[in-house]
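The values are calculated or read from the model by the stated rules, or taken from the named source; none is laboratory data. Just so you know, these numbers come straight off a predicted model, no measurement behind them. Here the Cβ positions follow ideal geometry from the backbone for every residue, glycine too, while neighbour counts run over all protein chains shown.
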Amino acid sequence: MSNILAQMRERLAALEPLSLEIFDDSAAHAAHAHASGGGGHYRLAITAPCFQGQGRIARHRLIHRALGDLLPGRIHALAICARTPSE
């Protein structure tokens, strides 16, 4: 596992996820204009009880807050699928 994926997992652990999958799609964006800056493209699928009662934007804010300074530096693009255990 790359260092950035480990950092992402470590930081997202604060949300106490029941499941967490992170996919590195950076290779598919190698020709992207911002790829030379070093920021990667990732997809995130996370299920956590803390999302209960939260709308999509609030869930994304929790994730962005947990990832902190990795956005927008080491993470250039992040596609998020955030669900509660009952979804």
| task | Being within 16 Å of GLU10 (Cα to Cα) and out of contact with any Leu (no Cβ under 8 Å at 6 or more places or on another chain) is the filter here, so list the residues in region 52-87 that pass it. | result | ARG65, GLY68, ASP69, LEU70, ARG74
| remark: Requiring at least 3 residues that are at pLDDT 90 or above and surrounded by fewer than 17 Cβ atoms within 10 Å (Cβ to Cβ), the strands (runs of 3 or more DSSP E) wholly within the chain are 19-24, 75-83
